[in-house]
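The structure appears right after this line, and notes come after that.
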Amino acid sequence: MDWPIDPERGLHLRPLEPGHIQAARELATRAFGSEEVGAQVENTLRIYCETGRSAVAWDRQVGVFVAASYYLLFLRQGGDETAVGLTGLYRPAWAGKGACWLGWFAIDPPYRNRGYGSRLLQATMALAARRGARLLCIETSPALAPALKLYARLGFRERGRVPDYWGSGDDLLILHRPLGDIPTSEVPDGL
């Protein structure tokens, strides 16, 4: 399944498949500037694919500790296709009804400042709302200033902070945004 989220610019969102894991790792390594984070992304996505969850939308995963869905944003130009973004949604078994979380959100650095991140986050919010989420939460770091600007621009607000969570002096920020105003009609069935 493929969702042309911005056909004029050639942006298409596709559910992550096992064959995409290496591209997602490399993209995350560049986006976060860290081999360690790239390895964490790869591990997360391998578990996701190996458990069969990549074939089932997160809102239909029952009896799991954490339901999840991950997607890659592709840019099509001519006959070429390049992975330029990564996003995901997850819902822990203990989360409140209607709450979900953003998972591994990234835009490859050469493709930043073109509106791709904004469009990808809007599509992610629409996916969440279409599946019944009323609230999207984000765990992030204050060190990710460009991402924080994007989140604020799209209506996310800081709701909590855990000091030294990521390491000494690197807090965990918790952001959230209600999804009641997000249109869902553009989300294709089955995505």
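The values are calculated or read from the model by the stated rules, or taken from the named source; none is laboratory data. In this text the structure is predicted, and so the values were computed from the model without any measurement. Neighbour counts run over all protein chains shown; Cβ positions are idealised from the backbone, glycine included.
At-a-glance table
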{"item": "Matching residues, the range 123-146, being in a helix (DSSP H, G or I), farther than 18 Å from residue 34 by Cβ and either in contact with a strand residue (DSSP E or B) (Cβ under 6 Å, 6 or more places away or on another chain) or without any contact (Cβ under 8 Å) to a residue 60 or more places away in the chain (or both)", "result": "123, 124, 125, 128, 129, 130"}
{"item": "Within the range 148-191, tally of residues that are exposed (fewer than 12 other Cβ atoms within 10 Å of the Cβ), part of a helix (DSSP H, G or I) and in contact (Cβ under 8 Å) with a residue 24 or more places away in the chain", "result": "1"}
{"item": "Qualifying residue in the range 169-183 (condition: within 24 Å of residue 25 (Cβ to Cβ), over 15 Å from the mean Cα position of the chain (by Cα) and of a type in the set (A, V, I, L, M))", "result": "yes"}
{"item": "Any hit, the range 12-20, residues being more than 27 Å from residue 95 (Cα to Cα) and without any contact (Cβ under 8 Å) to a residue 12 or more places away in the chain", "result": "yes"}
{"item": "Within the range 72-115, considering residues that are over 19 Å from residue 191 (Cβ atoms) and of a type in the set (Lys, Arg), the one nearest to the chain's Cα centre (by Cα)", "result": "112"}
{"item": "Residues that are under 20 Å from residue 42 (Cα atoms) and surrounded by fewer than 16 Cβ atoms within 10 Å (Cβ to Cβ), drawn from the range 96-147", "result": "109, 139"}
{"item": "Any hit, the range 102-116, residues being touching a Leu at 6+ places or on another chain (Cβ under 7 Å), among the small types (Gly, Ala, Ser) and in contact (Cβ under 8 Å) with a residue 60 or more places away in the chain", "result": "yes"}
{"item": "Within the range 41-86, considering residues that are of a type in the set (Gly, Ala, Ser) and at pLDDT 95 or above, the one farthest from residue 119 (Cα to Cα)", "result": "83"}
{"item": "Scan of the range 7-19 for residues that are crowded, with 20+ Cβ neighbours inside 10 Å and closer than 12 Å to residue 86 by Cβ, ordered by number", "result": "13, 16"}
{"item": "Residue check for residue 112: under 20 Å from residue 153 (Cβ atoms) and of a type in the set (Lys, Arg)", "result": "yes"}
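Here's the yes/no breakdown for (1) surrounded by 17 or more Cβ atoms within 10 Å (Cβ to Cβ); (2) assigned to a helix (DSSP H, G or I); (3) hydroxyl-bearing (Ser, Thr, Tyr); (4) in contact with a Lys or Arg (Cβ under 7 Å, 6 or more places away or on another chain):
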site: 21; (1), (2), (3), (4): yes, yes, no, yes
site: 27; (1), (2), (3), (4): yes, yes, no, no
site: 40; (1), (2), (3), (4): no, yes, no, no
site: 49; (1), (2), (3), (4): yes, yes, no, no
site: 68; (1), (2), (3), (4): yes, no, no, yes
site: 74; (1), (2), (3), (4): yes, no, no, yes
site: 90; (1), (2), (3), (4): yes, no, yes, no
